[in-house]
Amino acid sequence: MVEKIKAELGAALGGVEIRETEYRERGYHLSCEASPGELLKAARFFDECGFYLAAIVCVDYREYLELVYIFANHSALCKTKVTLKLDPAKPAAPTLSAIFDCAYWHEREIREFYGVLFDGHPNLTYLFLHEGIDAYPLRKEQVLLADEDKKALGAFRPEEGEDTFFVNLGPQHPSTHGVLRVVLKMDGEYIQSAEPVLGYLHRMHEKMAENRSYLQFLPNPSRMDYLGAMSFNLGHVTAVERLCGIAVPDRANCVRVIATELNRISSHLLWLGAYLADLGALTPFLFVFDDREQINDVLEAVTGSRLTYCYFRFGGLYNDVDEAFIAGTKAFIERMRGRFGLYEKLVGGNVIFINRTRGIGVIEKERARKYAVSGPVLRGAGIAMDMRKAEPCAAYSEMDFDIPVGTRGDALDMYRVRVREMGTALDIIEQALARLPDGPVMAEKVPKKLKPPKGDLYHTVETPRGELGIYIVSDESDRPYRMKWRVPSFSNLMIFPELARGNLLADAVAILGSLDLVIPEIDR
Amino acid sequence: MEKIISIMGWETVKTIVGLVGVLIFVVFNALILTWAERKVAGHMQRRIGPKEVGPFGLIQPIADAIKLLGKEILTPREVDRPLYWLAPVLIFVPVLVSFVVIPFDASLQVRDMNAGILVILAFSSLSVLSILMAGWGSNNKYALIGAIRSVAQNIAYEIPLLLALLPVIMMANSFSLKAIVEAQQGLWFVVCQPIAFFIYFIAAVAETNRTPFDLPEAESELVAGYHTEYSGMRFALFFLAEYTNIFIVSAIAVTFFLGGYQGPFLPGIVWFLLKSYCLVFVIIWLRWTYPRVRFDQLLNLSWKALIPLAFINLLVTGGLLKL
């Protein structure tokens, strides 16, 4: 696959040098540097080959700005990095939003954080930030905003039409689970357009990462996705370990898998309860909390926290697991297996629930690719893509599990995929428990001050919500030069306006719920 | 006392005393039902519900009522004041009037009118007016959408409600609720009219805006629907009206289908309340079990399923009675 893409991409671009890189070190197979015209050609080429645009990252190297485009594939592991150098005084690049829909928001983000102008982008207004910010926050040197830029960025104003009115779904609204605001343009009960407004929980984690060492940043990732905190923690430590070449003991790897999967179940359980509450049934919420409590108790005993875990350390774990943990996990597996039947009876077989979710928010495979959705949303659409299988970290490569997929891509499929995923997570935990080796849980000789070699890395982990991509640029110091978090909910929310259009308000709530969004993760 | 009776006439005094009694009952009923709802919900959700205030938390509703009474009466700036103020008061009128004709026992009824059921149906249609007033007067989009939904829902479900009651009226040959109860000596109408009872019960749940038909106040979509902007005692009045409505629809179901106050051994009033609260329990049970239907599904259910079914039922009943 890699060879074929290299040859064909070389032919499509003509004359551009395409380098093969060491995947284990870099997280991508091919890289090339393009000019604006070549970038568009490359994007069209990848679009035709059925690739998706995983992330766009901007890095400020002082002498120049670099845009990094990561293209990846759902069916085979083949990642390509395409870079584009920009003049820092007047950065401008062509937009890819006409080819890949997911570029639409990534480019808006880069516009407000770096000041890069994307030619032909339909709506370059504030996504996270708001008026009153004078400089581009992620630039290495202070670059002030010109007045016309401020005006252009703050241009979003909802306008009421003759027969339409606006409803603000959020920021304080029961169904947005956090502080997401969606400006809905309504015609009666029907939605004409939906415009998410982000940034109510924006904390600039990416800038924070540049100002503290890798170790000091350890507690931050779990604050992004507080429901799948273990996966974010895992993503951060495995990325840094990969960058520094630290080998982790087997026991630690196995425990990492168990802890992450327990956390995944707890995240999916909370989703189940919250989703049913969105649809008007309040009882399942308390049923799932009953189950979640068991997971929290088990994890609390070894990690010391119940929600924002910081359990994994570079080279291993903070704390070894004991017999009580293993017994508690086994008891939980036993209990949970018996609960699926109950949930199926209470929820999955309910006529009202089926009528509310079947055929609602249908995501076709092609649209899923264009928007680069991931996780259960992607699998619900029928694409069997799981980072635990595609790019296994920790001990996932030794686990045998299947990937549940949906057939229609509607909200009901998302429900079924998530419920079945809880079952596969139980399988994985059982296997990991069975093969849990004895030994140390911390690698020897992990330096106190981590100074990774110069270079970059795109590292991915499967969180409960999908593909978490971490792009790290290291300059040999103990703090990252740039750390970009490509978070799954960001792409998953991006598809929402298209799904909501023309639907009833009640359906919009059902669709928003089926995407399983965690807002602090989107806002970072 | 005798002087008052001689001046005003026995009937008037009886009505006034009855109304006061009804008022006390309404408040008492709402207190019991808020407690019951929380307790039932608690046990259905693997909790225990209120337990701190009084034995089994029985005093909890009174504590809540005192809290609500103590709250500042807020009026948002942009509201339509007359409508905003009147709506919570007006929602209470039909509720009180409906109680006047319900026979709690053979001799315990404020007034036995020969068009009793028509009074209840006519006045219960009025409650939708105050919901509309609340939604429109609040000057809030969520409230307005909630009110519009409520109007459409009430119109759609009043028809099957009436159509389900008609066969019983035909069988009892009277509009008087007391006569209908008396006609059920020996055999309850639910036995000969199971379809009508079924239709009536679904329509009644929809009329009272309860889950799975709680669209006017769907909290995940419309925050709180038509009473989003209300707080304190005004909110409590909406609350009171909702719980009283639940009791009224259950009481009508008992009167029409379940033999009213009739039953062996125990006094009539005990039987009546027992049967009514059993139905109330079922309505609460539904709320804590089902998700909410969507608006178009709700209307489809009424217009495409319940109304045709009720018509067929009515025709069959009429035909059989004629034979």
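A few notes on this one:
- Between B:ARG77 and B:SER6, residue separation times 0.36 nm minus the direct Cα-Cα distance comes to 20.5 nm.
- Fraction of the pair-distance distribution of chain B above 34 Å, Cα-Cα pairs, percent: 25 percent
- Averaged over the residues of A:504-514, the number of partner chain Cβ atoms lying within 10 Å of the residue Cβ comes to 4.
- Remark: relative contact order (the range A:39-161) = 19 percent; criterion is Cα-Cα distance under 8 angstrom and separation of 6 or more residues.
- Charge tally in the Cβ shell below 13 Å around A:GLU131, where Lys, Arg are +1 and Asp, Glu are -1, A:GLU131 excluded: -1
- In this structure, A:LYS451 and A:GLU398 have a Cβ-Cβ separation that, at R0 = 35 Å, corresponds to a calculated FRET efficiency of about 0.70.
- Radius 9 Å from Cβ of A:THR95, net charge of other residues (Lys, Arg +1; Asp, Glu -1): -2
- Pairs of Lys residues in the range A:2-149 that lie 8 or more places apart, or on two chains, and have C-alpha atoms under 19 angstrom apart add up to 11.
- Counting Cβ atoms of other protein chains within 10 Å of each Cβ in B:42-52 and taking the mean gives 2.
- GNM flexibility winner over chain B from B:ILE73, B:ILE102, B:ILE283 (Cα, springs under 10 Å): B:ILE73
- Peptides A:67-76, B:160-169, A:271-280, ordered by how many other C-beta atoms sit within 10 Å of their residues on average, highest first, read A:271-280, B:160-169, A:67-76.
- Residues A:CYS244, A:CYS78 in ascending order of nearby Cβ atoms (within 10 Å, fewest first): A:CYS244, A:CYS78.
- Toward the positive end of the charge dipole of chain B, with +1 on the Cβ of Lys and Arg and -1 on the Cβ of Asp and Glu, the farthest Cα among B:ILE312, B:MET171, B:LEU279 is that of B:LEU279.
- Applying 1/(1 + (r/R0)^6) with r as the Cβ-Cβ distance of A:MET204 and B:TRP285 and R0 = 45 angstrom yields a FRET efficiency of 0.40.
- Per-residue mean of C-beta atoms belonging to partner chains within 10 Å, peptide A:442-450: 0
- Fewest-first ranking of A:MET385, A:MET336, using other Cβ atoms within 10 Å as the exposure measure: A:MET336, A:MET385
- Loop-located GluC sites (Glu not before Pro) in the range A:416-503 (DSSP state other than H, G, I, E, B) with a sparse environment of at most 13 neighbouring Cβ atoms within 10 Å: A:GLU444, A:GLU476.
- Cβ crowding within 10 Å ranks B:LYS71, B:LYS39 as B:LYS71, B:LYS39, fewest other Cβ atoms first.
- Cα centroid of the range A:85-106 to Cα centroid of the range B:1-61, whole Å: 67 Å
- The range A:350-393 and the range B:144-181 have Cα centres separated by 45 Å.
- Shape descriptor for the range A:268-397: Rg over Rh equals 1.02 (Cα atoms; Rh from the Kirkwood inverse mean 1/r).
- Hydrodynamic analysis of the protein assembly as shown uses the Kirkwood radius over alpha carbon pairs. Inserted into Stokes-Einstein at 10 °C and 1.306 mPa s, it gives a translational diffusion coefficient of 52 µm²/s.
- By DSSP, the beta bridges lying fully in the range A:83-185 are antiparallel in about 60 percent of cases.
- For peptides A:246-255, B:197-206, B:42-51, sequence by mean Cβ density within 10 Å, most packed first: B:197-206, A:246-255, B:42-51
- Per-peptide average of other Cβ atoms within 10 Å, ordering A:352-362, B:299-309 highest first: A:352-362, B:299-309
- Shape box of the range B:1-140 [Cα atoms, principal axes, largest first, Å]: 52, 44, 31
- Here the translational diffusion coefficient of the range A:2-149 follows from Stokes-Einstein with Rh set to the Kirkwood radius across Cα pairs; for 4 °C and 1.567 mPa s it amounts to 81 µm²/s.
- C-alpha center-to-center spacing [the range A:481-524, the range B:73-117] in angstrom: 45 Å
- If you wrap the Cα atoms of the range A:222-516 in a convex hull and average its projected area over all directions, you get 14.8 nm².
- Where labels lie 7 Å past Cα in the beta-carbon direction, separation of B:VAL27 and A:VAL179 in nm: 4.2 nm
- Normalised by residue count, the range A:396-498 yields a Cα convex hull volume of 143 Å³ per residue.
- Cut-off 20 Å, label 7 Å out along Cα→Cβ of A:LEU215, residues of the range A:421-455 by amide N: A:441-454
- The value given for the range A:194-332 is a Kirkwood hydrodynamic radius of 16.4 Å, derived from the mean inverse Cα-Cα separation.
- Shape call, the range B:200-323: gyration tensor on alpha carbons, a/c limit 1.5: oblate
Bear in mind that the values in this text are calculations on the coordinates, not laboratory data. None of the values given here were measured: they were computed from a predicted structure. Reconstructed Cβ throughout: ideal geometry from the backbone, glycine too, with neighbour counts over all protein chains shown.
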